[in-house]
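**Q** Just dropping this structure here.
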Amino acid sequence: MVVKVYGPAYASPKRVIVCLIEKQIEFETAPVDLIKGEHRNPEYLKLQPFGALPVIQDGDFTLYESRAIIRYYAEKYRSQGTELLGKTTEERGLVEQWLEVEAHNYHPPIYEMTVQLLFASKLGLSVDEKLVKKSEEKLGKVLDVYEERLSKSKYLAGDFFSLADLSHLPFTQYLVGPMEKEYMIRDRKHVSAWWDDISNRPSWKKVLELY
Amino acid sequence: MATPVKVYGPPLSTAVCRVVACLLEKDVEFQLISLNMAKGDHKKPDFLKIQPFGQVPAFQDEKISLLESRAICRYVCENYPEKGNKGLFGTNPLAKASIDQWLEAEGQSFNPPSSALVFQLALAPRMNIKQDEGVIKQNEEKLAKVLDVYEKRLGESRFLAGDEFSLADLSHLPNAHYLVNATDRGEILTSRDNVGRWWGEISNRDSWKKVVDMQKQQHSP
């Protein structure tokens, strides 16, 4: 039985896919078209009642919320692929901390920018320039804290790559790519070096190649 | 005897309460070091050294300094597996995965609209900030949609992640408590049969009652 990941064209499912590749876990994907509203179909809502992406199916087991999915597989397959949770309870604590920082400090502003700059027009809505500006300022302040942290530590949780760094890949790729805001990363020396390191991992390059 | 762990932040803060509730469930001794956020304690250099985002709570034990309430809760459960409520974070990987799923649902779907409503309805008036009716309406609608999903789930399952109370339910306590007790919109929870039943159960836990007592003590002269 192979893990099935729904919605690979979009960012949050890619958070799961890059983790599965790092852990050398076989998977398949199933498309979900947000513009067509397929995430609101009754069959999809049976799997993910909030109508969000992704959801995975692993035999009879269903799980949603990308950060819950990556934690589950990183732990289940601890003995294979890249170690993504650190080696000790303390290192794990720091991985959890920076995963939560990504979820609650980094994600909200970058998500607003993604919706406004990449999806609003596709959904027939006008771009809220004020909201974009406000979100960019917020994200900038978070990146300033990252710059300070990454001047002392190669990766967010320590000197090891972890789920915390991985979690940033999909939406930051949108930021430096289609959102044309690469300067937010490049203007910060240590964030820039960290981004080059994590985005050049074979696993991430594979995700971009496939989806 | 082990040194009590330290939690920094005011007991009225929802995120601080999340950690305190977890420590009480796990029977882990702690010291709460309050901060006066009105005076800007959380933005002072000494505090920013342990919490560079200037938010509360921060946590320290003998081995580590941590931030983010849900990360702290997970660490406490992992570091003290044999203490207190052993099942708080599940006793097997599938149970833990379900708890993580609902913890994420809380963080991503329940927390944003409920926090916004608590701020607008309970805190803004106290801080002499004008309420924004548009924001209130928007977040009421958002929260209602989320609670429709919860209503269905809690009709099939006693608690969010399964038959046992878990970290996922606990994580909802602080914001839900303010909604029900400090605003006039509590019925968004209590008028839904299953959500209301669930709220009654989780808010009656000894650990949560102790947290509420701590909050009341902050108010007494």
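**Q** When every alpha-carbon pair in the protein assembly as shown is counted, what percent end up more than 43 Å apart?
**A** So the portion of pairs separated by more than 43 Å is 8 percent.
**Q** For B:E151 and B:V212 in the same chain, what is the full-extension length gain: residue separation times 0.36 nm, less their Cα-Cα distance, in nm?
**A** Result for the pair: 19.4 nm of gain on full extension.
**Q** Let me know the mean shielding of B:102-110 by other chains, meaning the per-residue number of their Cβ atoms within 10 Å of its Cβ.
**A** That works out to 5 on average.
**Q** So, one more: Relative to the compact globular guide of 2.2 N^0.38 Å, what is the alpha carbon radius of gyration of segment A:1-120, as a ratio?
**A** Here the answer is 1.12, to two decimals.
**Q** Rounded to whole Å and sorted largest first, list the principal axis extents of the Cα atoms in segment B:93-209.
**A** Taking the Cα atoms of segment B:93-209, the three principal extents are 46, 28, 25 Å.
**Q** Testing the spin-label approximation: label points 7 Å from Cα along Cα→Cβ at A:K189 and B:N181. State their distance in nm.
**A** About 5.0 nm, to one decimal.
**Q** Helix-only estimate, please: 222 nm mean residue ellipticity of chain A, summing -39500 (n - 2.57) across DSSP H runs of length 4 or more and dividing by its residues, to the nearest 500.
**A** Numbers: 11 runs with 108 residues, N = 211.
Computed mean residue ellipticity for chain A: -15000 deg cm²/dmol.
**Q** Evaluate E = 1/(1 + (r/R0)^6) for A:V2 and A:E75, where r is the Cβ-Cβ distance and R0 equals 25 Å; express this FRET efficiency to the nearest 0.05.
**A** 0.85
**Q** Here is a further query. Given Cβ point charges of +1 (Lys, Arg) and -1 (Asp, Glu) and nothing else, what value in debye, to the nearest 20, does the dipole of chain B about its Cα centre take?
**A** 520 debye
**Q** If you take each beta carbon of peptide A:88-100 and count the beta carbons of other chains within 10 angstrom, what is the mean?
**A** That average works out to 6.
**Q** To continue, here is another question. On average, how many beta carbons from a partner chain sit within 10 Å of the beta carbon of a residue in A:54-63? Display every interim value, and only then the final one.
**A** Numbers: counts 0, 1, 0, 0, 1, 0, 0, 3, 2, 5.
For peptide A:54-63, the averaged partner shielding equals 1.
**Q** Of B:G134, B:G186, B:G196, which is the most mobile in a GNM of chain B whose springs link Cα atoms less than 10 angstrom apart?
**A** Highest fluctuation of the listed residues: B:G134.
**Q** Along Cα→Cβ, 7 Å out, is where each label goes; now give me the distance between the ones at B:R126 and A:K87 in nm to one decimal.
**A** The two pseudo-label positions are separated by 4.7 nm.
**Q** Continuing with the same structure: Can you bin every Cα-Cα distance in segment B:5-86 into 10 Å intervals starting at zero and give me the percent of pairs per bin, rounded to whole numbers?
**A** Reading the bins upward from 0: 19, 55, 22, 4.
**Q** With point charges of +1 on the Cβ of Lys and Arg and -1 on the Cβ of Asp and Glu, referenced to the Cα centre of segment B:137-215, which listed residue (B:F165, B:V212, B:G196) lies farthest in the positive direction of the dipole?
**A** Checked the options; the winner is B:V212.
**Q** Taking the Cα centre as origin and putting +1 on Lys and Arg beta-carbons and -1 on Asp and Glu beta-carbons, what dipole magnitude results for chain A, to the nearest 20 debye?
**A** In total the dipole reaches around 100 debye.
**Q** Follow-up. Ignoring everything except DSSP H segments at least 4 long, calculate the 222 nm mean residue ellipticity for chain B; use -39,500 (n - 2.57) per segment, divide by total residues, nearest 500.
**A** -16000 deg cm²/dmol
**Q** Still on this model: With both partners inside chain B, how many of the DSSP beta bridges are antiparallel, as a percent to the nearest 5?
**A** So the antiparallel bridges in chain B amount to around 60 percent.
**Q** Using the Kirkwood formula on the Cα atoms of segment B:39-153, what hydrodynamic radius do you get, in angstrom to one decimal?
**A** Taking the inverse mean of 1/r over all distinct Cα pairs, segment B:39-153 comes out at 17.0 Å.
**Q** One-quarter of the Cα convex hull surface for chain A, in nm²?
**A** 11.7 nm²
**Q** Quote the charge dipole size of segment B:5-86 about the Cα centre in Debye, to the nearest 20; the model charges only the Cβ of Lys and Arg (+1) and of Asp and Glu (-1).
**A** On the way: 12 positive and 10 negative charges, 54 e Å.
Roughly 260 debye for segment B:5-86.
**Q** Treating the Cα atoms of chain B as identical point scatterers in vacuum, please give the log10 of the normalised Debye intensity I(q)/I(0) at q = 0.11, 0.18 Å⁻¹, two decimals.
**A** -0.54, -1.45
**Q** Counting DSSP beta bridges with both partners in the protein assembly as shown, what percentage is antiparallel, nearest 5?
**A** The antiparallel proportion sits near 60 percent.
Each value in this text was obtained by applying a stated rule to the coordinates, not by laboratory testing. None of these values were measured; they are calculated from a predicted model. With ideal geometry, Cβ positions are generated from the backbone for all residues, glycine too; neighbour counts draw on all protein chains shown.
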